[in-house]
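Okay, so here's the structure we're looking at.
The values are calculated or read from the model by the stated rules, or taken from the named source; none is laboratory data. Predicted model only: the values in this text are computed from it and were never measured. All Cβ positions, glycine included, derive from the backbone under ideal geometry; neighbour counts span all protein chains shown. Side chains are part of the model used for accessible areas, which takes the heavy atoms of the whole protein and leaves out ligands, DNA and RNA. Shrake-Rupley method; radii C 1.70, N 1.55, O 1.52, S 1.80 Å.
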Amino acid sequence: MPPLTPSNRLLPGNVEPPMRAIETGDGGESVSFRQILTVLRRRYQLILAMTLGGASLGLFLASREPPSYRAAALLRFAGERASLTGDGEESPSVKNTADPILSVIELLRSRTVAGVVVDSLGLQLQSWTEGFTTGDLANVRVDPRASGDSINLTFRTNEVVAHRADRTVTAPYGALMNLGTVQFAVRTPPKLEAATLGIAGREPTIDALVAGLQVSRRVETDMIDVAYAAGDPRTAQGVVNTTVRAFQALNIQWARDRSRRRREFLAEQLEKTDSMLARAQGQLSSFLSRQQLASSRDKLQAQQATEGQLEARMAELDADRQTFKSLATQLRSNDPDARTQAIRALATAPAMSDNAAIGQDYRSLLQYQDRLDSMTTGPWKASPNNPDVVQLKNMIASTQGRLADAVTSQLKTFDARMDALGKLRAQTGASMQILPAMAEEEMRLNRQVEAAANLGDELRKDYQQARMAEAVEAGDIDVVDLADIPYSPVLTASALKLALGLAVGLVLGLVLAYLLEALNTSVRRPEDLEAVLHVPGLAVIPRISGGGANGRGRLRGLLGSGKGAKTSVGSPMSGGQTFSIGIEAFRNLRTSLIWSDGGEALKTLVVTSAAPGEGKTLTAANLAVTLAYDGLRVLLVDCDIRRPRVHGLFHLPRAPGLMELLTASSRPTGSRLPAIRDTSVVGLSVLPCGALPSNAANLLSGTRMRVLLEELREQFDIIVLDTPPVLATADAGIVASLTDGVLLVVRAGTTDRNAAQRACQQLANVGARVIGTVLNDPAGQVAKEGDYYYPYDYAAEEQ
């Protein structure tokens, strides 16, 4: 028979399958998201059970929780008081930085408001008896200093008896009972015969009320919700309504107190301002009296006007003086034309009307000149030597002289008047030097008077507003809805306990799942097996399915156990070659085995496992059947002498078998051994274990076993030997040392990694060659990893 090589094997399509690289495990400490999902998928039942357990515990605790009733009222920040009084007492910086609604919320939760509620409702009085609440009491009043006392109540048919310390009070239901530091009335007869009340301290009661009071703002509104939860619905309603009413009253009282303090402050400031105004007015009157003036400002303005007039008059006189000086010079000139021009200019001078002498001489000169012109011009003009002409010329010259003297005299008058005006201006300037200081002092005194008067007016206005604000009995808070008596309990605490139970159960489930995963060292994936043993993983044998046209029906296992067990339809031993997951898995194993390192010289193959129950016998049997389907002559030898099962799988007798061949003194040569039996599978023969002798282990390790294997090599293409587990006995190592290779079967989720590693090491110690591993997965553990699937049913689906 030719050796088993890839070139002469009849493989479907005769195509070389691809080689798969060996993957090693991740040596890092990081955990991927896929690994987390894998753990959740694999341990979901445990996590679900723990979560349900926690939810059950939370539900139990929630059922033990006493009922709680929640009452709620609605307030509105209306700002009515500010609109009525124009009250703007807050500083602008506070208005710009503080939210008034948040301030109202903090005031509602203040200890002052809580103290009023505690005193009004007598919340210091608490019930110590289940089934009896303070809501069954009315008109409760407790001395704020009382603390630590207890009151025993005994309920009778028509009356109630209260006992505190050395005082006992009996009263009918509804009547007030005074026990000194506490007084109350029992509304109606309760269902109990007795109850005990306790008096708590005022400060702890206030703390508890502040902690339980819920005040919140409705988003984007000026509405405020006030709520409180208590074991008694009447108590919850009373706390909420008393809180909002007390706060409304305190809000009004606080505003009126602020207005009163402001009014008192303004009255004091107004008195001081009036006194300051009177002093300023007195100082102004005294100043004006000392200066004998109605107003320094008016006098200063008059002096300034006078000085301006003097300067204008002096400028005017100076201009006239310069004019007359020029005329006087021209009049005394020898040039007739110059004198004539000066006389004409003199006619337009302002002094003609002021000086009578100049006017008289000027008129006489004009008359003389007219007479001379009439005598010296015309057809009957007189000669220049005419006595009348000579007389007129002399009179003209004399008049011109007098006119020049008059102009010169007028110049002296101008000089005198200018000197007088200069002296007057000097006097006026001297008096004006002290007038600005007097005017400034007067202005300062006037400003003091005006400032005091204006401040007084503003203070009087604010004072009137403060009086109005003090009288207004309105606040900035409106009560929109008062709390009604709650008719159904709330589940706030119960829901919290249930959610907490769910969370705790889920967390414990996750912790326990990851703890079990950390403690679980079994092989669960092909990658784990290859990383531990550093040998190729040849195949993964999934859960064998059978039944149905495509071989998908699930069976109990790969093969039945025990005698008479029926083989699975989906396994190679079912007798046909229909496509199924089991058949394809073993075909994949066969192909990987052939193409493994050294597979071309593989004649004897040991199939073993690290520990019992890992499926080595079934793997060996199905592998042998698969090899026989390829047309090979295959011999399946049962070497598990302590727990033989091969004969049962093929419904053959146990003996004679291997042990009889090893103990026989002689065997026929050149012919088929009688202990080897044919099976229903063409090409497959089985050598059962045989009867168990006393020295079975010695037989397997002797020379006869080696010789027997050499003989069988000549008769069969490949020999598959089913041996005991490696770690159970030494038989597997003995037989493995005599064969060409070892196929180690590992069961997913069952075989410990250390056990598989020790088994592989023991085989290496005896010189055996482990050519690969098979991961047996009848329970579907590999599929639970979430990143592995079985493609073996591809052909079955096509079929």
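Results, tabulated for the structure shown:
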| item | result |
| --- | --- |
| Accessible-area order (highest first, 1.4 angstrom probe) of the listed residues Tyr44, Tyr629, Tyr487, Tyr362 | Tyr487, Tyr44, Tyr629, Tyr362 |
| Exposure rank, largest accessible area first [Met443, Met468, Met375; 1.4 Å] | Met468, Met443, Met375 |
| Nearest-10 value in Å² for the accessible area of Asp373, using the 1.4 Å probe | 70 |
| Once the Cα gyration tensor of segment 305-422 is diagonalised, semi-axes √(5λ) in Å | 36, 12, 11 |
| Cα-Cα separations in segment 712-751 greater than 12 Å, expressed as whole percent | 65 |
| Chain lengthening between Glu106 and Leu424 when straightened (0.36 nm per residue, less Cα-Cα) | 106.4 nm |
| Asn139/Asp274 FRET efficiency (R0 56 Å; Cβ-Cβ; nearest 0.05) | 0.55 |
| Radius 10 Å from Cβ of Leu635, net charge of other residues (Lys, Arg +1; Asp, Glu -1) | +1 |
| Inter-label distance for Asn385 and Leu52, nm, one decimal - labels placed 7 Å from Cα along Cα-to-Cβ | 17.5 |
| Segment 385-429, accessible surface, carbon-and-sulfur percent (1.4 angstrom probe) | 52 |
| Descending Cα extents along the principal axes, segment 230-270, whole Å | 56, 9, 6 |
| Nitroxide proxy distance, nm - points 7 Å out along Cα→Cβ at Arg363 and Glu710 | 18.9 |
| Neighbour cut-off at most 14 other Cβ (10 Å), DSSP loop, trypsin sites (Lys or Arg not before Pro), segment 111-159 | Arg145, Arg156 |
| Potential lengthening between Glu130 and Arg677 on full extension [0.36 nm per residue; Cα-Cα distance subtracted] | 188.3 nm |
| Linear extension gain, Leu59 paired with Asn394, 0.36 nm per residue minus alpha-carbon span | 105.2 nm |
| Residues in segment 524-540 that a label on Gln757 would reach, taking backbone N under 15 Å of a point 7 Å out along Cα→Cβ | 524, 528-535 |
| Cα→Cβ-extended label distance, 7 Å offset, between Tyr173 and Leu37, nm | 6.7 |
